[in-house]
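Presented below is the structure to which this report refers.
The values are calculated or read from the model by the stated rules, or taken from the named source; none is laboratory data. Computed from a predicted structure; not experimentally measured. Note that we place each Cβ from the backbone using ideal geometry, even for glycine, and neighbour counts take in every protein chain shown. We work out accessible area using only protein heavy atoms, side chains counted, and drop any ligands, DNA or RNA first. Shrake-Rupley method; radii C 1.70, N 1.55, O 1.52, S 1.80 Å.
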Amino acid sequence: MKKMFALALGILTAIGGFVDIGDLVTNAVVGSRFGLSLAWVVVLGVVGICVFAEMSGRVAAVSGRATFSLVRQRLGPRLGFVNLCGSVAVTALTYIAEIGGVALALELASSINAYLWIPVVGLLVWIVLWRVKFDIMENVFGLAGLALVVFGVSLWALKPDFASLATQALHPSVPATEGTPTYLYYAVALFGAAMTPYEVFFFSSGGIEEKWTAKDIPVMRSNVFVGFPLGGLISLAIAATSMLVLGSSGIDVESLGQVALPVVVALGKVGLIFALVGFFAATFGAACETGLSVGYSISQYFGWQWGKFVAPRRAARFHVVMLIATIMAVGVLLTTADPIKVTEYSVVFSAVALPLTYLPILVVANDTRYMGAHVNGRLANVLGSFYLVVILIASLAAIPLMVLTKAGQ
Amino acid sequence: MTGIPRTLEAKLQLLDHQVIDVHGEMVCMVDDLELRPDRRGHLHVTAILTGPGALGPRWGGRFGSWITAVWRRLREDADPVPGRIAWNVVTGVDSGIRLNCARADLAIEGLETWTAAHIVTRIPGAGHESDA
Amino acid sequence: MSQTPDPLRLSDLLGARVVEESSTLGTVVDVRLERISTSDEIVVTALRSSTARYGTSLGYGRKQQRGPWIISRLLRRLHRDDRWIPWTAVDTISEVAGGGCVVTLTNR
């Protein structure tokens with residue numbers, strides 16, 4: 001039982017990172033418009049986040065330093081601050097979107113207007129950040145998020161021609177109805193979402209919350225190598241079911257209800273219940289993850305005490321940052337900002353945050369002063385260097401593509 | 001106990017590193033170091049400097065002087081000095097800088113004390129670690 | 001040897017121009033500190049002068065900092081002309097108008 005729970009951090013991080021509200025909708029949009037022709041990006045992103053999450057987890061376990069502490073240490077205050085601004089912008093925008101997403105999921109389940117739910121959700125998330133023990137948070141939302149496996153079951157129940165799905169995924173091409181810049185824009189957005197920096201902030205800080213040491217590296221690795229691929233598979237299942245059900249009907253995906261439609265078609269009411277539980281758990285889990293990550297990154301940059309492992313009054317600044325972020329998020333949502341549109345702008349900030357986060361992780365993982373025998377091997381370095389190049393290309397391309405395609409319209 | 005290495009490179013091993021107290025709690029960042037010459041012309045490291053009063057001047061330029069100016073404004077004393085931790089309480093240098101005293105004993109936590117007193121301790125449950 | 005009574009800050013030294021016989025060698029990118037005998041007190045024993053301003057804190061000046069190959073090659077190339085100047089070779093440290101310091105070395 002304990003071993004099973006040990007996997008929860010990876011599953012929560014992965015589900016939170018891969019199938020948060022932005023991804024749920026983006027995957028459904030991508031599925032209905034591009035089919036599986038962008039599946040390769042999801043695979044590329046899954047491997048990339050596995051490489052860097054493993055590195056950041058190993059560094060945290062051996063050196064006791066979480067990711068943003070190392071960003072400041074290796075990049076200095078100025079460049080570290082540039083990263084801090086980009087990272088906090090991405091993470092706070094996602095936080096806003098997740099709180100809105102939880103409210104939308106509750107609206108779907110209860111038929112009570114989402115705007116009435118928003119303050120309630122804000123309060124609930126804050127109570128979890130303030131008071132609920134770290135491992136309980138990750139176990140509950142990690143395991144409940146597994147309800148999203150219902151998209152995999154739906155795919156199977158829809159009895160598609162798996163051979164043609166595989167052909168489509170393995171021979172990607174731009175669909176005739178879409179332009180190449182739009183295709184590339186979605187490729188960059190999907191890749192950026194898969195590698196979003198708060199996943200490593202949360203994962204490495206979570207390791208310190210749970211007091212990992214070098215002995216925990218094997219468990220940490222299984223977390224990474226089970227959790228993230230599972231998140232990726234759920235993403236692909238959402239895209240595939242969306243393609244099968246929505247792509248042929250000409251429906252434009254604009255709401256969370258439409259994301260759930262393929263499950264209803266395939267499995268009826270029971271499927272819908274699972275989908276709603278999954279939506280709620282994934283968005284709520286991601287809200288906790290992003291809310292904490294805002295606190296983690298700012299505190300680590302300035303060297304403040306952070307973490308749920310000490311009483312809030314011993315980490316006062318950390319808790320004040322999260323309180324302000326939560327009040328701001330609820331405030332922004334009550335201005336009727338669309339939570340799904342909000343995440344689209346985070347692509348811009350990711351372009352700054354991604355390279356400046358992953359470079360210091362890769363460098364520190366190669367420092368024998370900190371890592372001793374747990375220093376990077378050849379495979380981690382080859383993959384790490386390769387991904388740094390891919391991240392740089394994606395970062396440089398992100399803003400021109402966004403302008404060119406008016407954010408993928 | 002890790003101890004202080006015989007030789008150190010200041011920027012690589014001290015600057016922008018996390019300071020940790022005797023109980024393992026996080027104290028601050030090393031924003032700068034204070035160096036004092038002795039009679040024989042040797043420069044001794046006498047203190048870790050931290051907070052906006054240390055980071056502002058180091059940052060330089062318009063943004064740096066703005067940080068310093070805001071920090072001076074918020075301080076009550078006419079000629080404020082930055083947060084200072086004497087070097088003689090440092091006992092170890094590894095991925096962080098370790099001290100032999102508690103963070104509460106260092107007079108450097110203005111913002112932490114203020115937020116704790118005015119905001120955090122007014123919310124129920126501030127005195128306990130997260131639990132079920 | 002400098003005899004300024006006021007304390008210096010490390011950041012005054014970092015980025016300071018290193019001048020030898022009125023020609024600039026580079027800027028100070030790091031400062032070596034050494035422990036005095038058995039005490040925990042540490043003093044400056046050398047300055048690292050470089051023609052490249054950035055990248056010192058990534059750590060490639062030390063052999064304990066390994067790969068990855070491409071970053072290691074790039075940074076070690078950038079810092080190939082770095083040299084450690086012993087503290088005894090430093091004549092004066094003076095502030096210049098408009099901020100920043102200049103480290104002048106003794107004539108050999």
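Below are the figures for this structure:
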read-out	value
Which numbered condition A:SER205 misses (of (1) more than 14 Å from chain B (Cβ to nearest Cβ); (2) closer than 26 Å to A:LEU44 by Cβ)	(1)
Residues satisfying the stated conditions in segment A:238-266, i.e. open to solvent by less than 10 Å² (accessible area, probe 1.4 Å), under 14 Å from A:ASP23 (Cβ atoms) and of a type outside the set (S, T, N, Q)	A:ILE238, A:ALA239, A:LEU256, A:VAL259
Considering residues of segment A:356-373 that are touching a residue at least 12 places away in the same chain (Cβ under 8 Å) and more than 12 Å from chain C (Cβ to nearest Cβ) only, the residue most open to solvent (accessible area, probe 1.4 Å)	A:LEU356
Filter result for B:VAL30 (more than 19 Å from A:ARG72 (Cβ to Cβ), of a type outside the set (Gly, Ala, Ser) and at pLDDT 90 or above)	no
Members of segment C:30-49 that are farther than 18 Å from C:THR88 by Cα and either surrounded by 15 or more Cβ atoms within 10 Å (Cβ to Cβ) or at the interface with chain B (Cβ under 9 Å from one of its Cβ atoms) (or both)	C:ASP40, C:GLU41
Subset of segment B:90-117 that is aliphatic (A, V, I, L, M) and open to solvent by less than 30 Å² (accessible area, probe 1.4 Å) - its residue that is nearest to A:ARG314 (Cα to Cα)	B:ALA116
Criterion (surrounded by fewer than 23 Cβ atoms within 10 Å (Cβ to Cβ) and aliphatic (A, V, I, L, M)) met by exactly one of A:VAL224, A:VAL277	A:VAL277
Members of segment C:50-75 found to be at pLDDT 80 or above and open to solvent by 90 Å² or more (accessible area, probe 1.4 Å), listed by number	C:THR51, C:ARG66, C:TRP69, C:ILE70, C:ARG73, C:LEU74
Test: residue in segment B:104-115 that is in a strand (DSSP E or B), in contact (Cβ under 8 Å) with a residue 24 or more places away in the chain and within 11 Å of chain A (Cβ to nearest Cβ)	no
Sole exception among (1) over 10 Å from the mean Cα position of the chain (by Cα); (2) at the interface with another protein chain (Cβ under 7 Å from one of its Cβ atoms) for B:GLY56, by number	(2)
Residue check for C:ALA52: part of a loop (DSSP other than H, G, I, E, B) and either touching a helix residue (DSSP H, G or I) at 6+ places or on another chain (Cβ under 7 Å) or β-branched (Val, Ile, Thr) (or both)	yes
Odd one out for A:ALA311, checked against (1) open to solvent by less than 30 Å² (accessible area, probe 1.4 Å); (2) over 30 Å from A:GLY76 (Cβ atoms); (3) modelled with pLDDT under 90; (4) away from chain B (no Cβ under 14 Å)	(4)
Selection from segment C:1-28 of residues that are open to solvent by less than 50 Å² (accessible area, probe 1.4 Å) and within 7 Å of chain B (Cβ to nearest Cβ)	C:SER2, C:LEU8, C:LEU10, C:SER11, C:LEU14
Matching residues, segment B:23-45, being within 22 Å of B:GLU9 (Cα to Cα), over 13 Å from the mean Cα position of the chain (by Cα) and not basic (Lys, Arg)	B:LEU35, B:PRO37, B:ASP38, B:GLY41, B:HIS42, B:LEU43, B:HIS44, B:VAL45
Subset of segment C:76-92 that is part of a strand (DSSP E or B) and under 26 Å from C:GLY59 (Cα atoms) - its residue that is most open to solvent (accessible area, probe 1.4 Å)	C:ARG83
Residue check, C:SER72 at the interface with chain B (Cβ under 10 Å from one of its Cβ atoms) and in a helix (DSSP H, G or I)	no
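Residue-wise test of (1) closer than 30 Å to A:LYS133 by Cβ; (2) assigned to a helix (DSSP H, G or I).
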site: A:LYS215; (1), (2): yes, yes
site: A:MET220; (1), (2): yes, yes
site: A:GLY232; (1), (2): yes, yes
site: A:ILE238; (1), (2): no, yes
site: A:THR241; (1), (2): no, yes
site: A:LEU244; (1), (2): no, yes
site: A:VAL253; (1), (2): no, no
site: A:PRO262; (1), (2): no, yes
site: A:VAL265; (1), (2): no, yes
